[in-house]
Amino acid sequence: MPLNPRQQLFVDEYLKDANGTQAVIRAGYSTNGAKVTAHRLLTNPNVQAAVKAGQARIAKAADVS
């Protein structure tokens with residue numbers, strides 16, 4: 001199942017600094033319970049796959065010389 005726009009924004013923000021709580025806030029989720037929301041998102045298999053794909057893309061881009 002594809003990510004919804006807010007989940008994709010969370011993934012994009014998470015890839016910047018690997019801080020789930022801050023990524024949740026920057027993605028527009030409520031600050032109340034941000035830590036719980038980050039945990040919920042990071043345990044979602046679709047979000048996990050998107051994070052891994054993003055990390056691989058970043059690693060590949062960094063490896064290009």
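A few comments on the model shown:
- Theoretical ellipticity at 222 nm over the chain - DSSP helices of four or more residues, -39500 (n - 2.57) apiece, nearest 500: -23000 deg cm²/dmol
- Straight Cα distances below 19 angstrom link K52 to the lysines K16, K60, with same-chain residues fewer than 8 positions distant left out.
- Kirkwood estimate for region 5-63, i.e. one over the average of 1/r between Cα atoms, Å: 11.3
All of the numbers you see were taken from the coordinates with simple rules; none came from a lab. A quick note: this is a predicted structure, and the numbers were derived from the prediction, not measured.
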